[in-house]
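So the structure is just underneath, and the comments pick up after that.
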Amino acid sequence: MRGDKKDEYRTVHDRVTDTSAEKTEELEARIHRLEQVETALRDSETRLLDIIDFLPDPTFAVNPRGEVIIWNRAMEDFSGVPAHLIVGKGDHEYALPFWGRRRPVLVDLAIAWSDEAALRYPYISRNGFTLTTEVYIPSLGPEGTYVWAKASPLFDSKGNVVGAIESIRDITPQKKLEIELRESAEKYQTVLHSLPVGVLTLDADLRVTGLNAEGERITGVTVEELLGQTCDQALGAGICESGCPIRYAPEGHERLRPIETTVHSKGRGRIPVRLSTARLVNASGELIGVVEVFQDISRLRTLERERANMVSMFAHDMKSPLVGIQGFAVRLVTRYDELSPEQRRQYLEIIRRESAKLEALINDFLDFSRLQIGSLRLNFGVADLHKEFVELVETYHPRFLDSGIDLELRNPKPLPTIKADVNRLRRVFNNLLDNALKYSPPGTRVVLEALETEKEVVVRVADQGVGIAPEDLNYVFDMFYRGDAPETPEGYGLGLAGVEAVVRGHGGRVFVSSETGVGSVFTVMLPKG
Ligand code: ADP
């Protein structure tokens, strides 16, 4: 082409040789200028091709027929295909190294848009004529590759499309980081929303930016309703008017200890909470936000009240057997001679029964409080568990029979002897069987099952009784804790606290699973060693 033009001008030159010398000179000069322009053009084209060839991003270009006209070095490295094997080839040859098959890619869309081909990409953004996308290519590399691609049509000076150029970039490391970040943010959100405490986040202006699920439950409002509100609008806490730890946060005061206060709950009114506050500061120490953590302690408060009532009832009930004992003892002492031997025997029997009641109460109480202060002393000896359970079932059998409840001992294999405080262990199973009897209706069955694992003896007392409400399950081993079912029989909430104390004293564990209306299973695990 360039050669043709030169010839053309040479012809012009030849044609004018017979004109005047002046004209000849002028034409010579024009031809020279044209030759200079030609060389400059050729140089700039070579430079452009060199630039494309040495571009750090893999780049290729195609002509309108889809034949590769440029395949740069970075593209050779990335695709593993040398330029000389692909330049000049059409029919989507350039898709093969990436997708393993011939298919339209972004460069084709830059030449001629096709909705159908565009659907192969998760998204394509357009800026003028330039298209950009990100796509995961599973067959590229051992674990697949995330690729960023940008393609533009190429225009000639008249605005005709003479091809298109596409650059791509391996963004797998960034993408993996992005995925890890997203997953960790999601994990953080899940943890935040599963926390059993309310979490309220505020920005540096102390306006709400977030509230987790428990926070929504406590306040009775959704995070959307609170966004942008001030903290006191959001929580209406009892300490908003005075001493609010948040108020001191921006000034950096150290008033951030946990406090007990109340918050306003839509539908439930004021509810007691334990509230802690933390300032969020950046690396330069500037306040960027505040986080408030608050725990609903209404259940705890109710329990404390109930426990206080129970303690005073307990003290009162300890007094009544004592009054009985004292009364009959005084009668025996003062009127001994007037009383018939039968009356004396009767009074002594009452004294024995009442003192036994008192002793049982005091024993449970003492075991628990000794364990609390770490002074529970167990008298370890050799315990033949098989013999113990057989005797236990024999003792309880008549009482279960009277209540119309079946008692079954399941003891598939002979149990080993273990080191234990036999008397205290007996009390543990007495308590569990007493409860099974107390909380089961007639016509049901209680199973005492004992088996051995490699390191432990596992004993289960399973009943088909009233069961324990899920919200009570965490507390049944607490001292003076009693379920509040209306038909709950008498008791002091000491039995299970004593059971746990003794089992822990043996290095074992006790736990319960239960369903209301279906029954409860208490499991005691005692170490064999
Ligand atoms: P008490 O039976 O004297 O109340 P415990 O400490 O033995 O005290 O038990 C505490 C609470 O646990 C009981 O008040 C009752 O609500 C519940 N509980 C214990 N055992 C059972 C059981 N087998 N079935 C249902 N509830 C039980």
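The values are calculated or read from the model by the stated rules, or taken from the named source; none is laboratory data. Since we're looking at a predicted model, the values are computed, not measured. Every residue, glycine as well, gets a Cβ built from its backbone with ideal geometry; the counts of neighbours run over all protein chains shown.
Values computed for the structure shown
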quantity: Which numbered condition residue 192 misses (of (1) of a type outside the set (D, E, K, R); (2) in a helix (DSSP H, G or I); (3) over 17 Å from the mean Cα position of the chain (by Cα)); calculated: (3)
quantity: The one condition in (1) exposed (fewer than 15 other Cβ atoms within 10 Å of the Cβ); (2) within 14 Å of the ligand (Cβ to nearest atom) that residue 405 fails to fulfil; calculated: (1)
quantity: Within region 410-428, considering residues that are among the aliphatic types (A, V, I, L, M) and away from the ligand (no atom under 16 Å from the Cβ), the one nearest to residue 512 (Cα to Cα); calculated: 425
quantity: Per-region count, region 517-529, residues assigned to a loop (DSSP other than H, G, I, E, B) and surrounded by 14 or more Cβ atoms within 10 Å (Cβ to Cβ); calculated: 1
quantity: Single condition residue 497 does not satisfy, out of (1) more than 7 Å from the ligand (Cβ to nearest atom); (2) assigned to a helix (DSSP H, G or I); (3) over 21 Å from residue 447 (Cβ atoms); calculated: (1)
quantity: Scope region 461-478; condition farther than 18 Å from residue 390 by Cα, more than 7 Å from the ligand (Cβ to nearest atom) and hydrophobic (A, V, I, L, M, F, W, C); matching residues; calculated: 469, 473, 477
quantity: Set 435, 431: member being touching a Phe, Trp or Tyr at 6+ places or on another chain (Cβ under 9 Å), within 11 Å of the ligand (Cβ to nearest atom) and among the polar types (S, T, N, Q); calculated: 435
quantity: Qualifying residue in region 479-493 (condition: away from the ligand (no atom under 11 Å from the Cβ) and either modelled with pLDDT of 90 or more or in contact with a strand residue (DSSP E or B) (Cβ under 8 Å, 6 or more places away or on another chain) (or both)); calculated: no
quantity: Evaluation of residue 484 against (1) outside any helix (DSSP H, G or I); (2) in contact with a Leu (Cβ under 9 Å, 6 or more places away or on another chain) (one fails), failing number; calculated: (2)
quantity: Subset of region 153-182 [outside any strand (DSSP E or B) and more than 32 Å from the chain's Cα centre (by Cα)]; calculated: 156, 157, 158, 159, 160
quantity: Listing of strands (runs of 3 or more DSSP E) fully contained in region 54-152 that carry 1 or more residues being closer than 14 Å to residue 163 by Cα and modelled with pLDDT of 95 or more; calculated: 59-62, 68-71, 130-137
quantity: Tally of residues being basic (Lys, Arg) and under 22 Å from residue 457 (Cβ atoms) across region 393-414; calculated: 2
quantity: Only listed residue being within 10 Å of the ligand (Cβ to nearest atom) and touching a residue at least 12 places away in the same chain (Cβ under 8 Å), chosen from 458, 446, 510, 503; calculated: 446
quantity: Residues of region 431-485 classified as more than 32 Å from the chain's Cα centre (by Cα), acidic (Asp, Glu) and surrounded by fewer than 20 Cβ atoms within 10 Å (Cβ to Cβ), total; calculated: 6
quantity: Residue within region 375-390 that is buried (at least 20 other Cβ atoms within 10 Å of the Cβ) and away from the ligand (no atom under 16 Å from the Cβ) present; calculated: yes
quantity: Flag if residue 47 is in a helix (DSSP H, G or I) and either over 29 Å from residue 175 (Cα atoms) or out of contact with any strand residue (DSSP E or B) (no Cβ under 9 Å at 6 or more places or on another chain) (or both); calculated: yes
